[in-house]
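Read through the structure below, which is laid out as structure tokens, and then see the notes.
The values are calculated or read from the model by the stated rules, or taken from the named source; none is laboratory data. Just so you know, these numbers come straight off a predicted model, no measurement behind them. Here Cβ is always computed from backbone atoms with ideal geometry, including for glycine, and neighbour counts include all displayed protein chains. The accessibility values were calculated without ligands, DNA or RNA, using every heavy atom of the protein model including side chains. Shrake-Rupley method; radii C 1.70, N 1.55, O 1.52, S 1.80 Å.
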Amino acid sequence: MNPDGLIPNWEDPEYWNFYEWTDEKMSDPEHTNEGFDLLLNVLFLRALQAMTRLGQMTGLSCGLCAMAEPLKQTLRRTFRRSDGLYATDPEHTHLSELGCALAILTGVADETDAAAICRLFTAEEKGDAVPVSLSMTAFVYDALLQTDKDRYTSWVLADIDRRCGYMLDEGATTFWETMAGWQDFNNAGSLCHGWSALAAYYYKQLIV
């Protein structure tokens with residue numbers, strides 16, 4: 001960590017932080033090896049919070065867990081925009097749904113910010129925000145449900161129906177890696193991936 005309490009990105013060009021492939025800032029080493037990213041730091045915070053819960057369950061102490069609350073405050077100061085959304089970079093030039101979702105799930109975003117972020121998630125137009133890929137939709141769904149389950153359950157189910165329904169309409173017998181199916185990644189898109197199970201998971205959680 002630097003003196004301000006943030007984890008810097010890799011500086012070695014042989015390594016970089018990969019978050020997902022929907023955008024250069026989130027996948028390309030040329031764009032991810034500079035400065036600081038919300039995503040790297042908020043994922044570390046999420047790990048600290050998980051360690052805290054495990055420590056409470058097992059009665060074991062966690063020396064690193066005391067870093068969680070100061071890090072949360074640092075992330076809020078550094079990455080929060082004036083509209084309550086959370087930028088990926090300290091300069092506030094890049095915005096992603098994934099980063100905003102993780103800000104909610106870790107408590108970096110307060111109640112007012114969470115409401116603003118959920119309005120972004122459910123808006124037809126995302127503005128300058130990079131949408132999540134299929135692989136990361138669970139973070140958006142969980143952030144919506146954590147913020148207001150009663151309000152957003154129908155939206156989550158409708159979004160799952162829209163995405164998976166499209167694949168079924170196209171004749172799919174399994175759910176794809178991305179919405180482009182086999183045509184993605186120069187015709188190398190997988191037609192069955194681990195997140196294919198998300199629909200069944202959320203149906204079980206949300207449909208009574």
Practice task
Under 11 Å from the Cβ of SER96, count the other residues' Cβ atoms, weight Lys and Arg +1, Asp and Glu -1, and hand me the total.
Solution key: -4
Problem - Cα-based Rg and Dmax for region 1-86, where Dmax is the largest Cα-Cα distance (Å) - result: 14.7, 44
Fill in the blank from the handout: Per DSSP, the loop-located GluC sites (Glu not before Pro) within region 81-122 having at most 16 other beta carbons within 10 Å are GLU91
Problem - Cross-link reach list, lysines versus LYS204, counting only Cα pairs under 18 Å and skipping chain neighbours closer than eight places - result: LYS149
Handout entry: Share of alpha-carbon pairs per 5 Å distance bin for the chain, given as whole %
Key = 1, 7, 14, 16, 18, 17, 13, 9, 4, 1, 0
Problem - GluC sites (Glu not before Pro) restricted to region 1-77 and DSSP loop, no more than 15 other C-beta within 10 Å - result: GLU11, GLU14, GLU34
Completion exercise
Loop-resident GluC sites (Glu not before Pro) in region 121-193 with no more than 14 other Cβ atoms inside 10 Å, DSSP not H/G/I/E/B, are GLU124, GLU125, GLU170
Exercise for the section: With all distinct Cα pairs included, what does the Kirkwood hydrodynamic radius of region 120-199 come out to in Å, to one decimal, could you say? Expected result: 13.6
Exercise for the section: Whole Å is fine, so just give me how far the alpha carbon centre of region 32-76 lies from that of region 86-152. Expected result: 19
Completion exercise
Averaged per residue, the 1.4 Å probe accessible area of the chain, protein heavy atoms only, in Å², is roughly 55
Fill in the blank from the handout: Ignoring ligands and nucleic acids, ASP128 exposes an accessible area, probe 1.4 Å, in Å² to the nearest 10, of 100
Problem - Integer Hz, Karplus 6.51/-1.76/1.60 couplings in order for region 80-91, x for Gly and Pro - result: 6, 8, 5, 8, x, 8, 10, 6, 6, 10, x, 7
Fill in the blank from the handout: 1/(1 + (r/R0)^6) with r = Cβ-Cβ of ASP28 and THR122, R0 = 35 Å, i.e. FRET efficiency to nearest 0.05, evaluates to 0.75
Handout entry: Amide H within-cut-off set for ASP89, under 5 Å, with H built and near neighbours excluded
Key = LEU38, HIS94
Handout entry: Gyration tensor (Cα) of region 54-140, equivalent ellipsoid semi-axes in angstrom
Key = 27, 16, 11
